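The next block holds one structure in the form of structure tokens; read it before the comments.
The values are calculated or read from the model by the stated rules, or taken from the named source; none is laboratory data. Model, not experiment: these values are computed from the prediction. Every residue, glycine among them, receives a Cβ derived from its backbone with ideal geometry; neighbour counts consider all protein chains shown. Each accessible area value is taken on the protein alone, full model and side chains, heavy atoms only, with ligands, DNA and RNA left out. Shrake-Rupley method; radii C 1.70, N 1.55, O 1.52, S 1.80 Å.
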Amino acid sequence: METYLAKNKAYYDKGYEAENVESYVFRAYGRILKHDFGLDGSRGEKLLDFGCGSGASLRFFKSKGFDVYGVDISEVDIGRARSRMPDIKDHFLVIPPKPAASDRFFGGQFDVVVSIQTLYFLSDTDLQIRLKTLYDMMKPGAVIYASMMGTQAYFSKYATPAEDGLSKIDFANDRITYKDFYVNLTKGEQDLERKFSMFKKVYIGYYDRNYRNEGSEFHYTFTGQKV
């Protein structure tokens, strides 16, 4: 495993406790998936969450009727997802941090792929491999909704350039510590379009927050379609 992937995996091996779906997920459901594409879950549409964590987003989509599946590098979080949705515990999979061109999850043929706050932990090269595998697992016309951290985020203040599009983050306060943590920061909308160029762009958006004066947590959102 490459050094940067090992460093990032060590951080997420501890798990990331998040029981509730975030607003940028359920609003995207109502405003984009349902409104623009008619993907409301009523037909049992097949949905993959790449980087599903403990399954909060999937529990939300499951409640709407979607046939949900999730993958993550964290055994702890996949265990939590399985315990929260025991009726579909075989719909969750621990995957290696390193993407492979041959990767196929749950037979593919997904109507929707979501990936929130996950893909930017990959280098430019690995990101393109992963996006191609996700593209290949989607049905024609399927929709992807993903987020990427922008250079507007406070992480940028603590970033030093690393290889292949990555920035190394060294930062600590009384709440969190990042040491040799690697992030692929997106420089603007054109950079975002370039990264997702295999998809037809539908929307570019963003969300931001700052809870305790640590700084902006700016993320771009990309909605695209396989054509």
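Full extension from Met198 to Lys34: what is 0.36 nm times the residue separation minus their Cα-Cα distance, to one decimal in nm?
56.7 nm
Dipole of the chain, Cα-centred, from +1 at each Lys and Arg C-beta and -1 at each Asp and Glu C-beta, to the nearest 20 debye? Please report the intermediate quantities before stating the final value.
On the way: 32 positive and 31 negative charges, 87 e Å.
My answer is approximately 420 debye.
List residues of the range 72-103, by number, whose backbone nitrogen lies under 18 Å from a label position 7 Å along Cα→C-beta of Thr3.
Residues passing the 18 Å test: 98.
Using r as the Cβ-Cβ distance of Asp136 and Asn210, and R0 as 41 Å, what FRET efficiency do you calculate, to the nearest 0.05?
It comes to 0.65.
May I ask you to compute the full-extension gain from Val94 to Phe171, defined as 0.36 nm times their residue separation minus their alpha-carbon distance, rounded to one decimal in nm? Walk me through the numbers on the way to the answer.
Values: separation 77, 0.36 × 77 = 27.72 nm, distance 2.81 nm.
Net length gain for the segment: 24.9 nm.
Under the Kirkwood approximation for Rh and a Cα-based Rg, what ratio Rg/Rh is obtained for the range 99-227?
So for the range 99-227, dividing Rg by the Kirkwood Rh gives 1.00.
At most 11 other Cβ atoms within 10 Å and a DSSP loop assignment: could you name the GluC sites (Glu not before Pro) in the range 1-60 that fit? Mind showing how you got there, number by number?
Working: sites: Glu2, Glu17, Glu19, Glu22, Glu45; in loops: Glu2, Glu17, Glu19, Glu22, Glu45.
In loop regions of the range 1-60 (DSSP not H, G, I, E or B), the sparsely surrounded GluC sites (Glu not before Pro) are Glu17, Glu19.
May I ask for the net charge around Val227, where only other residues with Cβ less than 13 Å from the Cβ of Val227 are counted and Lys, Arg are +1 while Asp, Glu are -1?
With Lys, Arg at +1 and Asp, Glu at -1, the net is +4.
Using the Karplus curve 6.51 cos²θ - 1.76 cosθ + 1.60 with θ = phi - 60°, what ³J(HN,Hα) values do you get for each residue of the range 183-194, in whole Hz, with x for Gly and Pro?
For the range 183-194, the Karplus-derived couplings read 9, 9, 7, 9, 8, x, 5, 5, 5, 4, 4, 4 Hz, x marking Gly and Pro.
If Arg59, Arg130, Arg43 are ordered by their accessible area, calculated over protein heavy atoms with a 1.4 Å probe, which sequence runs from highest to lowest? Intermediate results must be reported in sequence, preceding the final value.
Values: Arg59 90, Arg130 5, Arg43 155 Å².
Descending order: Arg43, Arg59, Arg130.
For Arg175, tell me the accessible area in Å² from a 1.4 Å probe, rounded to the nearest 10.
Answer for Arg175: close to 120 Å² accessible.
Go through [x] 1.03; [y] 0.96; [z] 0.94 and flag the label whose value is the computed Rg/Rh (Cα atoms, Kirkwood Rh) for this structure.
Answer by label: [z].
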